[in-house]
Amino acid sequence: MNRSPFACSFVALLLSLLMGCASFTANRHVIVSVVDFRPAQATLLETTAVLTLRFTNETPEPLQVRGSSHRLSLNGSAVGRGVTNDIVTIPPLSTATQSVTVYLENLALVRKAAEFSRAPNAIDYRLESELFAAGAPGGRTFRATATGQLDIRGLLDATTSAPASR
């Protein structure tokens, strides 16, 4: 089969354009950071906390997030999850905040109590987030990880004051 030089050049150009577009969209950056952590409610097996998250859009295009999923680890152990289907629009080269309710497993927190007692004011956290963008064909997912330290005095107070079961 004989291919013309024009056809080969056209296919090469088309492939390079497609690869260029793919790398442009793949470089879209969204950063998630924890702004606030407030314990909300505690039961015997579960503590509810509200995380205020800041989303930073590092691109010159607006980004609309139609929901997100978050996994929280404290001192290296998974202790809770949170999801939201709230829509948030992050303007270009700007930030937006959103509150997300996170459900913490008290049994996992109890297992970490010895570590918490050695550092009673703050512990290391890792928040792994998945953001679901609106308007993209087939859906678009952005992953982000935030790390730092949380003040856990309020969380420990809420956990130890949980009502006992009968």
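Whether any residue in region 28-39 is modelled with pLDDT of 90 or more and among the charged types (D, E, K, R) is what I want to check.
Looking for residues that are modelled with pLDDT of 90 or more and among the charged types (D, E, K, R), one finds at least one in region 28-39, hence yes.
This table checks each residue for (1) of a type outside the set (A, V, I, L, M, F, W, C); (2) touching a Pro at 6+ places or on another chain (Cβ under 7 Å).
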residue: ASN57; (1), (2): yes, yes
residue: ALA113; (1), (2): no, no
residue: ARG118; (1), (2): yes, no
residue: ALA134; (1), (2): no, no
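Scan region 68-76 and give yes if some residue there is at pLDDT below 90, among the hydrophobic types (A, V, I, L, M, F, W, C) and under 24 Å from PRO39 (Cβ atoms), otherwise no.
For region 68-76, residues at pLDDT below 90, among the hydrophobic types (A, V, I, L, M, F, W, C) and under 24 Å from PRO39 (Cβ atoms): present.
Can you pull out the strands (runs of 3 or more DSSP E) entirely within region 47-91 that have at least 1 residues that are under 14 Å from the mean Cα position of the chain (by Cα) and among the basic types (Lys, Arg)?
63-74, 77-84
Filter region 74-131 for residues that are open to solvent by less than 10 Å² (accessible area, probe 1.4 Å) and among the β-branched types (Val, Ile, Thr); which is farthest from THR43 (Cα to Cα)?
If we take residues in region 74-131 being open to solvent by less than 10 Å² (accessible area, probe 1.4 Å) and among the β-branched types (Val, Ile, Thr), then ILE90 is farthest from THR43 (Cα to Cα).
The values are calculated or read from the model by the stated rules, or taken from the named source; none is laboratory data. Just so you know, these numbers come straight off a predicted model, no measurement behind them. Note: ideal-geometry Cβ built from the backbone for every residue, glycine included; neighbour counts use all protein chains shown. What goes into the accessible areas is simple: the full protein's heavy atoms, side chains included, and nothing from ligands, DNA or RNA. Shrake-Rupley method; radii C 1.70, N 1.55, O 1.52, S 1.80 Å.
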